[in-house]
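Everything on this sheet refers to the single structure shown next.
The values are calculated or read from the model by the stated rules, or taken from the named source; none is laboratory data. Since the model is a prediction, treat every value here as computed from it, not as a measurement. Note that we place each Cβ from the backbone using ideal geometry, even for glycine, and neighbour counts take in every protein chain shown.
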Amino acid sequence: MEGELVQPAPEETPRDANPANVGLELFGYVGIEAVLDQMRIKTMKTGFEFNLMVVGQSGLGKSTMVNTLFKSKVSRKPTGPGYEERIPKTVQLQSITHVIEEKGVKMKLTVTDTPGFGDQINNENCWDPIIKYINEQYEKYLREEILISRKRKIPDTRVHSCVYFVPPTGHWLRPLDLEFMRRLSKIVNMVPVIAKADTLTLEERAEFKKRIQKDLKAHGISVYPQEDFDDNSDDRILNNKIRDKMPFAVVGADKEHQVNGKRILGRKTKWGIIEVENPAHCEFPLLRDLLIRSHLQDLKDITHNVHYESYRMQRLNESNRLALSPINGLLGKDEVESDL
Ligand SMILES: Nc1nc2c(ncn2[C@@H]2O[C@H](COP(=O)(O)OP(=O)(O)OP(=O)(O)O)[C@@H](O)[C@H]2O)c(=O)[nH]1
Ligand SMILES: [Mg+2]
């Protein structure tokens, strides 16, 4: 038995094979890699919070998309048979939250639905309520953060990503969309999508997409994932592929249909069913994967490190004293806060 405890003689180990091993030998195994387990366990306990927002002209399917997100593989919210509720026109900002649990990891997903704009003859400043809401959330966070005794975990209602719905005109971006997106992209991670993509042929989709990409570039609008924030060359390669496919041509549906014995979320037409979760039919799966599967943490990091940071700097510079006064009545007593 004694023999088993004897360490191998130094000569027996291939010392020169990897210089890093020399350190291990000298100081023994420290166990740094266990930090990954610690982080995983902690995340499982605390869970994630993720806040999305949908914005766009009236009738483009924003509320339908909120339902699509929750009923698709994101939350697997069951729809009863005979479910035929019609989605009403959205008249005020409203948030829906679901706690989704998968393999022991919890995520609190909040989607904020907004009333569509474009109904008025004069659509000037139609972005004001949306911009105000986004800034309100930064302000709430800032107020918690600068308290002397602050909460261990500040509730995070900041919008981590804003999905902007572009009408499927097949032409160019309208000045209104350009102006709206320009303003949004400065304060939030903005992800444009082509709404109701089932109304365009595949060729029209591809051409419209190229035109939108050109338009955005020409107007200096940087959508998420922003080129400036690619961390390294691997990120750049992955994000270039995503940028090339953006804006995703999405289709929304909240009704299930029976296809080959399986229940499928889709839109039934006379000529067939458009399956929203089928990558051959539309790019809703790409949008969902970007937001939830591949870039969720990055969206949160950029919100905190870039967008919130610039809001914070501007606010603290502005007041230059820590006792913050309400700006423009923001969060003032009489202010009607958006429904949360
Ligand atoms: N063809 C098609 N119709 C859609 C799609 N998504 C939603 N619709 C339909 O478009 C209509 C409007 O959908 P909503 O989800 O209420 O649109 P909205 O953007 O929330 O509208 P507002 O609340 O007025 O801003 C409904 O009849 C939907 O069934 C889509 O992807 N394709
Ligand atoms: Mg709506």
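Which one of these is among the β-branched types (Val, Ile, Thr) and modelled with pLDDT under 90: VAL259, VAL306?
That would be VAL259, the only listed residue that is among the β-branched types (Val, Ile, Thr) and modelled with pLDDT under 90.
Filter the range 46-85 down to the residues that are more than 21 Å from the chain's Cα centre (by Cα) and modelled with pLDDT under 75, then identify the one that is surrounded by the fewest Cβ atoms within 10 Å (Cβ to Cβ).
GLY82
Within the range 120-135, which residues are touching a residue at least 24 places away in the same chain (Cβ under 8 Å), assigned to a loop (DSSP other than H, G, I, E, B) and away from ligand 2 (no atom under 16 Å from the Cβ)?
ASN123, TRP127
Listed residues ASN328, ASN278; which is in contact with a strand residue (DSSP E or B) (Cβ under 9 Å, 6 or more places away or on another chain) and either at pLDDT below 95 or farther than 30 Å from THR201 by Cα (or both)?
Just a single option satisfies the conditions, and that option is ASN278.
Counting just the residues of the range 223-237 that are in contact (Cβ under 8 Å) with a residue 12 or more places away in the chain and surrounded by 14 or more Cβ atoms within 10 Å (Cβ to Cβ), which one comes out nearest to LYS209 (Cα to Cα)?
Selected residue: VAL223.
Which ones in the range 30-69 are in a loop (DSSP other than H, G, I, E, B), of a type in the set (Gly, Ala, Ser) and away from ligand 1 (no atom under 16 Å from the Cβ)?
GLY31, GLY47
Would you check if ASP289 is modelled with pLDDT under 95, within 16 Å of ligand 2 (Cβ to nearest atom) and either in a helix (DSSP H, G or I) or assigned by TED's automatic domain parsing to the domain that holds GLY170 (or both)?
Spelling it out, it is not the case that ASP289 is modelled with pLDDT under 95, within 16 Å of ligand 2 (Cβ to nearest atom) and either in a helix (DSSP H, G or I) or assigned by TED's automatic domain parsing to the domain that holds GLY170 (or both).
In the range 136-152, is there at least one residue being modelled with pLDDT of 95 or more, under 20 Å from the mean Cα position of the chain (by Cα) and outside any helix (DSSP H, G or I)?
The answer is no; no qualifying residue exists.
Name the residue that is nearest to THR303 (Cα to Cα), counting only residues in the range 189-208 that are touching a residue at least 60 places away in the same chain (Cβ under 8 Å) and within 14 Å of ligand 1 (Cβ to nearest atom).
Step by step, filter the range 189-208, then rank; the result is VAL193.
Could you check the range 28-70 and list, in sequence order, the residues that are of a type outside the set (D, E, K, R), closer than 18 Å to GLY104 by Cβ and either in contact (Cβ under 8 Å) with a residue 60 or more places away in the chain or within 16 Å of ligand 2 (Cβ to nearest atom) (or both)?
Let us first name the residues in the range 28-70 that are of a type outside the set (D, E, K, R), namely 28-32, 34-36, 38-39, 41, 43-44, 46-48, 50-61, 63-70.
Adding the requirement that they be closer than 18 Å to GLY104 by Cβ leaves 36, 38-39, 41, 43-44, 46-48, 50.
Of everything in the range 28-70, those that are of a type outside the set (D, E, K, R), closer than 18 Å to GLY104 by Cβ and either in contact (Cβ under 8 Å) with a residue 60 or more places away in the chain or within 16 Å of ligand 2 (Cβ to nearest atom) (or both) turn out to be THR43, MET44, THR46, GLY47, PHE48, PHE50.
Between a first residue in the range 137-155 that is without any contact (Cβ under 8 Å) to a residue 40 or more places away in the chain and within 18 Å of VAL188 (Cβ to Cβ) and a second residue that is among the polar types (S, T, N, Q) and part of a helix (DSSP H, G or I), which pairs have beta carbons less than 6 Å apart while being 6 or more apart in sequence or on different chains?
That search, which allows pairs on different chains as well, returns nothing.
Note down all Cβ pairs under 7 Å where the first residue falls in the range 267-289 and is touching a residue at least 12 places away in the same chain (Cβ under 8 Å) and within 16 Å of VAL163 (Cα to Cα), the second is within 16 Å of ligand 2 (Cβ to nearest atom) and of a type in the set (Ser, Thr, Tyr), and they're at least six residues apart or on different chains.
Filtered contacts from the range 267-289: PHE284/THR68.
List pairs: first residue in the range 106-119 and near ligand 1 (Cβ under 9 Å from one of its atoms), second residue assigned to a strand (DSSP E or B) and aromatic (Phe, Trp, Tyr) anywhere in the structure, Cβ distance under 9 angstrom, at least six positions apart or on different chains.
Close Cβ pairs satisfying both conditions: GLY116/PHE165.
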